[in-house]
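Accompanying notes for the structure given below.
The values are calculated or read from the model by the stated rules, or taken from the named source; none is laboratory data. This is a predicted model, so every value here is computed, not measured. Here Cβ is always computed from backbone atoms with ideal geometry, including for glycine, and neighbour counts include all displayed protein chains. Remember, those area values only see protein heavy atoms, side chains included, never the ligands or the DNA or RNA. Shrake-Rupley method; radii C 1.70, N 1.55, O 1.52, S 1.80 Å.
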Amino acid sequence: MSDPRITPSIFTRGAVDLSALRTPAPSPAPAPAPAPAPAPAQPGPTDGGVASTVTVIDVSEATFQTEVLERSLSTPVVVDFWAEWCQPCKQLSPVLERLAVEDGGAWVLAKVDVDANPRLAQMFRVQGIPMVYAVVGGQPVDAFSGVVPEAQLRQWIQAVLKAGGATVAETTDPRLDEADDSLLNGDLDAAEQAYRKILAETPSDAAAEAGLAQVGLARRVAGSDPQAVLAAAAAATDDIDAQLLAADVEVLGGMAEQAYQRLVGLVRRTAGDDREKARQHLVGLFTIAGPDDAAVASARRALASALF
């Protein structure tokens with residue numbers, strides 16, 4: 001499930017053959033005689049007289065073309081393959097329904113009972129349920145199976161909306177907000193616990209990985225005098241631990257590029273365990289900045305040159 005937290009789509013357009021579900025257009029009928037002007041349309045059953053927004057619908061093979069394929073030309077449709085006997089479905093489906101309602105029609109949840117619609121399940125190559133597909137522009141664009149955490153599900157839906165051409169506001173993750181607050185307040189134990197919990201629920205979450213790396217950095221430099229650390233490193237250029245701590249102080253002081261150069265140089269002039277220790281420390285500092293940082297990209301190239 002991008003956002004750096006979203007994995008690339010596992011399906012390309014056209015991967016599922018839906019041609020059998022499309023009915024040919026009917027032959028043009030003779031023009032009808034003029035009809036009387038229709039009465040003004042009445043609002044549907046809503047609160048305050050405003051027409052209700054479609055968010056969740058039950059779909060069958062007979063209605064799939066209209067409710068999913070044609071609707072997806074203008075609004076992304078998330079198709080939930082489920083069955084009454086499926087216990088994991090009873091965990092996932094209510095969350096999908098709630099998110100669809102929360103998003104107010106930005107996307108539509110189409111529910112397909114696989115027992116009642118086996119042909120649809122066969123066409124989508126459903127081998128186990130719950131199975132969820134995103135349909136955009138008349139074609140499946142992504143899918144996942146099984147129950148996933150709500151936070152990961154929200155990220156996946158954001159990616160689906162982007163695939164549909166929607167301008168999506170970046171949403172904040174309250175779990176990250178809580179972890180970041182603990183870090184800023186100096187409660188490193190609480191911050192570490194919060195970041196690790198996020199990573200257990202959403203593996204490879206870039207923001208949580210960066211936060212956890214910052215916790216490690218804060219612990220390593222705690223109680224240090226930055227000027228004394230840098231002076232010690234300048235006086236003992238071959239002292240591995242002194243150089244690593246100096247790099248930490250530089251990153252914390254906003255001199256990340258200088259820290260990267262220091263450690264790349266250390267990698268160049270060391271070997272064996274010392275070299276590996278320096279390399280791992282540098283990669284850990286990269287994690288704090290994130291993969292899209294220009295200085296990180298440059299330092300990675302310099303590290304590769306130093307290693308090979």
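Numbers at a glance
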| item | result |
| --- | --- |
| Residues of region 84-130 satisfying the condition of being among the aliphatic types (A, V, I, L, M) and in a loop (DSSP other than H, G, I, E, B) | ALA106, VAL114, ALA116, VAL126, ILE129 |
| Single match in ALA190, ALA200 (criterion: farther than 15 Å from ILE288 by Cα and either surrounded by fewer than 16 Cβ atoms within 10 Å (Cβ to Cβ) or of a type in the set (D, E, K, R) (or both)) | ALA200 |
| Close pairs from region 294-305: first open to solvent by less than 30 Å² (accessible area, probe 1.4 Å), partner small (Gly, Ala, Ser), Cβ under 8 Å, at least 6 apart | ALA295/ALA256; ALA295/ALA289; VAL296/ALA289; VAL296/GLY290 |
| Complete set of residues in region 70-83 that are open to solvent by 70 Å² or more (accessible area, probe 1.4 Å) and assigned to a loop (DSSP other than H, G, I, E, B) | SER74 |
| Those residues of region 116-140 which are out of contact with any Asp or Glu (no Cβ under 8 Å at 6 or more places or on another chain) and open to solvent by less than 20 Å² (accessible area, probe 1.4 Å), in sequence order | ALA121, PHE124, VAL135, VAL136, PRO140 |
| ALA304 being closer than 27 Å to GLU178 by Cβ, modelled with pLDDT under 95 and either of a type outside the set (Ser, Thr, Tyr) or in a helix (DSSP H, G or I) (or both) | no |
| Yes/no for ASP239 being surrounded by 13 or more Cβ atoms within 10 Å (Cβ to Cβ) and under 30 Å from ALA190 (Cβ atoms) | no |
| Evaluation of TYR133 against (1) part of a strand (DSSP E or B); (2) among the hydroxyl-bearing types (Ser, Thr, Tyr); (3) at pLDDT below 90 (one fails), failing number | (3) |
| Options SER224, SER182: the member that is open to solvent by 20 Å² or more (accessible area, probe 1.4 Å) and under 23 Å from ARG279 (Cβ atoms) | SER224 |
| Per-region count, region 266-286, residues over 11 Å from VAL251 (Cβ atoms) and open to solvent by 20 Å² or more (accessible area, probe 1.4 Å) | 13 |
| Verdict on ALA106 being within 19 Å of GLY165 (Cβ to Cβ), touching a Pro at 6+ places or on another chain (Cβ under 7 Å) and crowded, with 17+ Cβ neighbours inside 10 Å | no |
| Cβ pairs under 6 Å, 6+ apart, first in region 115-128 and closer than 10 Å to PHE64 by Cβ, second open to solvent by less than 30 Å² (accessible area, probe 1.4 Å) | LEU120/VAL112 |
| Among residues of region 192-231, those that are outside any helix (DSSP H, G or I) and over 17 Å from LEU252 (Cβ atoms), counted | 4 |
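Here's the yes/no breakdown for (1) modelled with pLDDT of 90 or more; (2) not in a loop (DSSP other than H, G, I, E, B):
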position: GLY254; (1), (2): no, no
position: LEU266; (1), (2): yes, yes
position: HIS281; (1), (2): yes, yes
position: LEU285; (1), (2): yes, yes
position: ALA295; (1), (2): no, yes
position: SER298; (1), (2): yes, yes
